[in-house]
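Here, each number is a calculation from the coordinates, and none is a lab measurement. Values in this document were obtained by computation on a predicted structure and should not be read as measured data. Note that we place each Cβ from the backbone using ideal geometry, even for glycine, and neighbour counts take in every protein chain shown.
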Amino acid sequence: MSAQTLFQPTQLGNLTLANHLVMAPMTRNRATVGHDVTDIMADYYAQRAGAGLIVTEGIGPSKNGTGYARIPGLYTQAQIAGWKAVTAAVHEQGGKIFAQLMNTGRVAHPVHMDEGAEVLAPSALAAAGQIYTDTLGMQNHPTPREFTTEEVKAAIQEFVQAAKNAIEAGFDGVELHGANGYLIEQFLRPTTNQRTDEYGGSVENRARFALEATEAVSKAIGVEKTGIRLSPYGVFNDMPYDPAYDEAYAYLAEHLNGKVVYIHLVDHTSMGAPAVEEKIIEVIREKFKGTLILSGGYDKARAEEALQSGKADLIAIGRPFLANPDLVERLKTDAPLNAPDFTTFYTPGEKGYTDYPVLAEVEA
Ligand SMILES: Cc1cc2nc3c(=O)[nH]c(=O)nc-3n(C[C@H](O)[C@H](O)[C@H](O)COP(=O)(O)O)c2cc1C
C-alpha cells in the first residue's frame, strides 16, 4: 500500500473509509443489566462517526461469553434491534462500523450473566485478582469450567451466529477479540490453555480456536468483513508474557491470510504494559498480507509516521476518541483535545459518555 496521509480516504476490503483513523474498541458499560443496547449508545457512536472506521466496544456473542456488567450482547432479537439503531445512526453521519465480538471466557462473573449461562474457559484456571460487579463490589475471579471439545466447537458457532446477527443489525463487519486476556487469547496462551485435545498443547493446537473461528466467520459473512485483534506482549487479565509465545503470533499471522481482512495489534505500553517488541510487529507485517492496524498511545505525529513509513495501514485511537467526539477535525486542525475523565469510563448514564463537547462548544 502506498504511503498516504491520515486524512485521505482509503480502502478496507470493499469498504471505502473516509480517513485512516479507527476508533479503537472501548468497553463503556452503558448497556442495560440484561445486556441490551440503550439509546445513548447510538448517540455516542454517531457523535464519533468522523472516524474512518469505528470498532465498537466488546460485545458478547453468546450468554456464556457475556461476563461483565452492562456490556451489550448480540445474541437476541432485542439486541439485534438495538444495534440496528446504532449502525443506522453512524451510517447516517457517513461513518463505518465494525462490531467487536468479545467472548469474555474466564474473565466473567456469574452475577452479570443471563440465566443458565456458565463461565467456561479452555482450562479450569481462574484469573488472579478480582473482577468488578455492580451488586457485590469487587469479587475474586471465579474458576471456570473447562469446555468439552464439543463445547469448544459450539463456541466457534456462537461467533458465527453473532457475526451473522451483526450483519443483520447493519454492521459493516466484525472484529474478533483475540486480545487482552479474553477467550481467544485464553486458547492461544499456554498459561490458560492446558488442554490435551486438538485445541491445546502445540502452537498449532492453541491457535486452532482463533483460526477455526475466523475461518467459519469469514465463510459466513465474507473475509472482507472479518477482522481480528491480537495483543502479543499483552499481560492484561493475568496473561503473563513469555517471548517464546512470539512463535504462536507468527504462526497465526501467516495462517490468518485469507480468513481476515485485517489484523489489529494492541500495544498497552501507554497503559503500563510491557513494550511490544518491534520484531514481532515486523514478523506479523511480513507474514500477513492484509491490512495492519496499529493502536496504543498514538497522537497525530506518531500516526502519520507509522503510515508514511509503511509500518501500518490504519491507526486506531482509543482514549482521545472517547473524550473528543470530533477528534478527526481536531487532529486535522491541530486543535487542543478534551482530556478523558477516567472516573466515568465504566459508569452508567450520559455523564462522561455523550457529553464531551465538540470544539465549537468549548470555544463558545
Ligand atoms: C475505557 C476503555 C475500554 C476499553 N475496552 C476495550 C474493549 O472492549 N476491547 C478492546 O479490544 N480494547 C479495549 N480497550 C483498549 C483500547 O482499545 C486501546 O487499545 C487502548 O485504549 C490504548 O489506546 P489509546 O492509547 O489510544 O487509548 C479499552 C480501553 C479503554 C480506555
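Taking amide H as placed 1.01 Å from N in the peptide plane, the amide H of G60 sits under 5 Å from that of G73, L74, M102, each at least 5 places away or on another chain. The per residue volume of the convex hull around the alpha-carbon atoms of the chain is 121 Å³. For segment 104-186, relative contact order (Cα pairs under 8 Å, six or more residues apart, normalised by length) works out to 31 percent. Show me the helices of the chain, taken as full DSSP H stretches, that run 20 Å or more along their long axis by Cα and average 1.0 or above in Kyte-Doolittle hydropathy. Span-like helices in the chain: none at all. Binning the C-alpha pair distances of segment 1-126 at 5 Å intervals from 0 yields a P(r) profile of 2, 11, 19, 20, 15, 12, 9, 7, 3, 1, 0 %, listed from the shortest bin outward. In sequence order, segment 26-33 has phi-based couplings of 9, 5, 10, 6, 9, 6, 7, 4 Hz under the Karplus curve 6.51 cos²θ - 1.76 cosθ + 1.60, θ = phi - 60°, and Gly or Pro positions carry x.
Please arrange R145, R30 by how many other C-beta atoms lie within 10 Å of their C-beta, fewest to most.
Details: R145 15, R30 23.
In increasing order of surrounding Cβ atoms, one gets R145, R30.
When DSSP beta bridges are restricted to pairs lying wholly in the chain, around 20% turn out antiparallel. Given R0 = 30 Å, the distance between the Cβ atoms of Q93 and E282 translates into a calculated FRET efficiency of 0.25. Note on K84: lysines with a C-alpha under 23 Å away, same-chain residues under 8 apart excluded, are K63, K96, K164, K219, K225.
Using Cα pairs closer than 8 Å and at least 6 residues apart in sequence, work out the relative contact order for segment 238-364, in percent. Kindly include the intermediate steps, with their values, before the conclusion.
Values: 132 pairs, mean separation 22.6, N = 127.
In percent, rounded to a whole number, it is 18.
Database remark: amide H of L12 closer than 5 angstrom to the amide H of L17 (H placed geometrically; neighbours at sequence offset of 5 or more, or on other chains; Pro and chain starts carry no H).
Remark: segment 65-186 carries a charge dipole of roughly 160 debye about the Cα centre, counting +1 on each Lys and Arg Cβ and -1 on each Asp and Glu Cβ.
Pairs of Cα atoms under 8 Å, at least six residues apart: use those to get the relative contact order of the chain, whole percent.
Values: 836 pairs, mean separation 60.2, N = 364.
Dividing the mean separation by the residue count of the chain yields 17 percent.
Extension gain, K311 to E198: 0.36 nm times the residue separation minus the Cα-Cα distance gives 37.2 nm. The residue list G13, P357, P72 was ranked by how far each Cα lies along the charge dipole of the chain toward its positive end, using unit charges on Cβ atoms, and G13 comes out on top. Computed log10 I(q)/I(0) for segment 102-232 at 0.17 Å⁻¹: -0.92, from the Debye equation with unit scatterers placed on every C-alpha and solvent omitted.
Please give the charge dipole size of the chain, origin at the Cα centre, charges +1 on K and R Cβ atoms and -1 on D and E Cβ atoms. Round to the nearest 20 debye.
On the way: 30 positive and 45 negative charges, 53 e Å.
The calculation lands at about 260 debye.
Just the Cα atoms of segment 285-364, one point each, no solvent: what log10 I(q)/I(0) does Debye give at q = 0.15, 0.21 Å⁻¹? The computed values of log10 I(q)/I(0) come out as -0.63, -0.97. Calculate the length of the line joining the C-alpha centroid of segment 174-239 to that of segment 54-93, in whole Å. Centre-to-centre (Cα) distance: 21 Å.
Residues T333, T27, T133, ranked from the fewest to the most other C-beta atoms within 10 Å, line up as T333, T133, T27.
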